[in-house]
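Notes for the one structure printed next.
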Amino acid sequence: MICCVFLFIKCIDHESKNDISGIKYEQYAGSSTCINCHKAIYDSHVQTAHFLTSQRSDQKNIKGSFDPGQNTFSFKPNVYVAAEKRGALFYQVAYINGTEKMAQPFDITVGSGKRGQTFLFWRKNNLFQLPLTYFTSANQWTNSPGYSNKVVFNRPITSRCLECHSTYFEKISAEDSIKEDFSKTKIVYGVDCEKCHGPAAQHVDFHQKNPNEKKGRYIIDPRLFTREQSLESCRLCHGGKLTKSKPSFSFTAGDKLSDFFTMDTTNKAVADIDVHGNSYGRLIASQCFIKSQMTCNTCHNSHENETGKLAVFSQRCMGCHTEKNGNFCKEKAQVGNKIVQNCIDCHMPELPSKAIMVLLQGNDLPTSASMRSHFIAVYPEETKKYLLLNKMK
Ligand code: HEC
Ligand code: HEC
Ligand code: HEC
Ligand code: HEC
Ligand code: HEC
Ligand code: HEC
Ligand code: HEC
């Protein structure tokens, strides 16, 4: 069990940590309780893609259109699915030859909407994916991954999918049963505070009763992590496909991943590591990573949405690369002083994913989503593009 006086020690000490498979919903406090004592962090955290990555569906968080003319996707001639508002509720409705065949509600929204959103519905205690996914860059509905030209409502959602897109879902079926049943109420949506700091009900309870205590108790403090612990707390979800050897949701930040997953030890070429979902795999192949002690937190502030702030990220590069240190960019001669505003587009370009591709209405070939490459390197083609775009060549 995780909730004990020695919580902190247990989390750092790997040896004693193999018995922890049974985290329960009651051990979570929910981030709304953190506001009272950590207001600034809470206020910025709720704007992150992490916080928004799963939510109960509602009018505000579904980004796709319900307006006639923009609310459908055709799977083949005479077969289409429409996003429809009926009363206060939202549905995906399949039509064949103009006749309604099936309607299921939007129950859970997955994805902040930066790239796209996919939607889940409950059937008894099981979760399934709806056939329409929203693809942000095209502002269109499209077919959900795995749905080709058949409109079925039977793609089951597994606990591993939820483990990457939420903080906690309580599974109520036996671990070895093929169909996974979940509680509809014991859910902590989003990659929330307690995903990175561990279940915190005891922390909240203790500090409410002991308002004079200035030292944080019963809580995981990532500032005390080793480099490996820090990396693995992100790698759980940003390290590509991992095959679990323990139930989903039993890994807690600070744990050793290999106690919970069978690690893939084959040496993959960088080109074979997709930009989607594996920032870790690409980063660790970079010279920056190999020749320093960097972690994800060297560049990312977990509590803030810094998307698009390329000058801020460039400052973080210059935490190590400066003219004074003699390891600054040789391109400065070409680019001039403006170089400090954007190291990123030349050294961490957005590249197309081979894993996230969707077929847009009317197209024959699938369109890829592009993502930042974490393989930090010199990309001659990107330099050319940058110089052209900025009229430097
Ligand atoms: C009743 C007040 C109170 C509430 C509610 C509370 N905390 Fe804290 N927390 C503290 C105090 C006091 C500290 C120690 C001083 C500091 O770091 O701010 C602390 C420290 C922390 C730390 C830093 C670790 C450390 O050892 O100092 C983290 C992480 C943390 N809290 C997370 C949370 C999360 C997550 C929640 C909500 C689930 C939460 N806290 C709710 C009072 C509270
Ligand atoms: C429980 C799984 C999980 C963990 C743990 C996790 N992430 Fe994420 N992260 C995600 C998911 C899912 C997204 C995509 C969210 C979305 O847009 O819907 C994401 C998105 C991000 C983004 C992109 C934000 C943006 O604005 O586009 C960054 C940066 C990031 N994570 C960094 C980290 C770092 C650093 C850590 C470790 C301290 C970490 N993540 C831990 C699941 C996780
Ligand atoms: C994606 C992972 C992640 C999430 C989500 C997250 N944190 Fe943190 N938190 C961290 C990391 C990493 C650090 C250590 C940062 C550092 O090294 O300076 C930290 C540090 C802290 C600290 C101590 C340092 C400080 O800035 O006071 C507190 C308190 C804290 N977090 C509270 C929260 C609360 C409250 C939430 C939710 C509203 C939250 N965190 C969400 C990863 C996360
Ligand atoms: C190993 C962790 C992991 C698993 C498993 C996983 N995802 Fe993701 N997913 C991510 C990460 C990380 C991102 C953020 C983009 C990136 O880095 O590729 C993401 C992005 C997304 C997005 C786009 C979010 C946005 O707004 O840009 C959607 C939608 C999504 N995932 C849905 C799912 C669904 C549905 C499942 C299960 C059937 C699933 N994912 C399984 C980690 C995961
Ligand atoms: C924690 C320190 C650190 C940070 C932060 C850092 N780097 Fe590096 N980087 C290094 C080290 C160390 C090397 C190895 C070369 C050397 O010995 O100077 C390196 C190498 C490089 C190289 C040469 C790559 C190659 O394959 O030869 C490039 C390009 C580079 N960094 C760009 C960046 C950019 C862009 C950023 C920000 C996105 C960044 N670095 C952030 C430490 C860092
Ligand atoms: C216009 C594209 C472009 C921009 C912007 C850019 N770089 Fe570079 N960078 C390059 C190219 C091209 C090279 C290879 C130059 C060479 O070998 O002559 C390079 C080389 C490097 C190297 C390796 C130096 C060496 O030879 O050991 C580092 C480190 C580096 N850049 C860091 C940065 C940082 C930090 C920034 C932002 C302050 C930045 N770069 C901005 C294109 C760029
Ligand atoms: C050297 C700096 C640096 C390090 C270290 C770093 N990142 Fe990033 N990361 C960036 C930059 C720059 C971006 C692009 C930000 C943007 O375009 O808004 C980014 C973007 C992301 C995104 C969003 C990608 C997309 O295109 O949507 C994710 C997810 C992410 N980082 C996760 C991680 C994880 C996990 C780690 C550790 C394994 C990590 N990063 C380490 C600099 C870094």
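Here's the list of lysines a cross-link from LYS268 could span, going by alpha-carbon distance under 21 Å and ignoring same-chain residues fewer than 8 apart: LYS241, LYS244, LYS291, LYS354.
Roughly how many debye, to the nearest 20, is the charge dipole of the chain about its Cα centre, given +1 on each Lys and Arg Cβ, -1 on each Asp and Glu Cβ, and no other charges?
Working: 49 positive and 37 negative charges, 134 e Å.
Roughly 640 debye, rounded to the nearest 20.
Taking label positions 7 Å along the Cα-Cβ direction at both LYS241 and LYS324, the computed distance is 4.7 nm, reported to one decimal. Less than 5 angstrom separates the built amide H of GLN140 from those of PHE135, all sequence-distant by 5 or more or on a different chain. Each of TYR28, TYR91 was scored by other Cβ atoms within 10 Å of its Cβ. Listed from fewest to most, they are TYR91, TYR28. Proximity of backbone amide H atoms, modeled 1.01 Å from N, is registered between PHE90 and PHE106 at under 5 Å, excluding neighbours fewer than 5 places apart on the same chain. Among CYS299, CYS193, a tally of other beta-carbon atoms within 10 Å of each Cβ gives an order, fewest to most, of CYS299, CYS193. Residues whose amide H falls under 5 Å from that of PHE73, counting only those 5 or more places apart or on a different chain, are VAL81, with hydrogens built in the peptide plane. Potential lengthening of the chain between THR226 and GLN287 amounts to 19.9 nm, from the contour at 0.36 nm per residue minus the alpha-carbon distance.
Residue by residue, region 113-118 carries 3J(HN,Hα) couplings of x, 4, 9, x, 9, 10 Hz when phi is fed to the Karplus relation 6.51 cos²θ - 1.76 cosθ + 1.60 (θ = phi - 60°); x denotes Gly or Pro.
For region 249-266 versus region 43-77, the inter-centroid distance based on Cα atoms is 31 Å. What the phi angles of region 56-71 give under the Karplus curve with 6.51, -1.76 and 1.60, with θ = phi - 60°, is a coupling list of 5, 5, 8, 3, 6, 8, 7, 7, x, 8, 10, 7, x, x, 10, 10 Hz, glycine and proline written as x.
Loop-located GluC sites (Glu not before Pro) in region 188-239 (DSSP state other than H, G, I, E, B) with a sparse environment of at most 11 neighbouring Cβ atoms within 10 Å: GLU213. Only sites in a loop by DSSP and with at most 16 other Cβ atoms within 10 Å count here; which trypsin sites (Lys or Arg not before Pro) in region 197-234 make the cut? Hits after loop and neighbour filter: LYS214, LYS215, ARG217.
Projecting the Cα atoms of GLY362, SER286, THR265 onto the charge dipole of region 265-371, computed from C-beta unit charges around the Cα centre, puts SER286 farthest toward the positive end. Around the Cα centre of region 275-389, unit charges on the Cβ atoms of Lys, Arg, Asp and Glu (plus for the first two, minus for the last two) sum to a dipole of about 320 debye. Ordered by the count of other Cβ atoms within 10 Å of each Cβ, fewest first, THR136, THR226, THR142 give THR226, THR136, THR142. Placing unit charges on each Cβ (+1 for Lys and Arg, -1 for Asp and Glu) gives region 7-224 a dipole about its Cα centre, and among ALA103, ASN78, GLY64 the Cα reaching farthest toward its positive end belongs to ASN78.
Considering only TYR189, TYR25, ASN154, and ranking their Cα positions along the charge dipole of region 7-224 that arises from unit charges at the beta-carbon of Lys, Arg, Asp and Glu, the one farthest toward the positive end is ASN154.
In the elastic network of the chain, a GNM with C-alpha springs shorter than 10 Å, the most mobile of THR158, THR133, THR322 is THR322. Taking the Cα centre of region 7-224 as origin and assigning +1 to Lys and Arg Cβ atoms and -1 to Asp and Glu Cβ atoms, the resulting dipole is close to 400 debye.
Laboratory data are not the source of any read-out in this text; all were calculated from the coordinates shown. Quick caveat: nothing in here was measured; it's all calculated off a predicted structure. For neighbour counting, all protein chains shown are included, and Cβ atoms are generated from backbone atoms with ideal geometry for every residue, glycine included.
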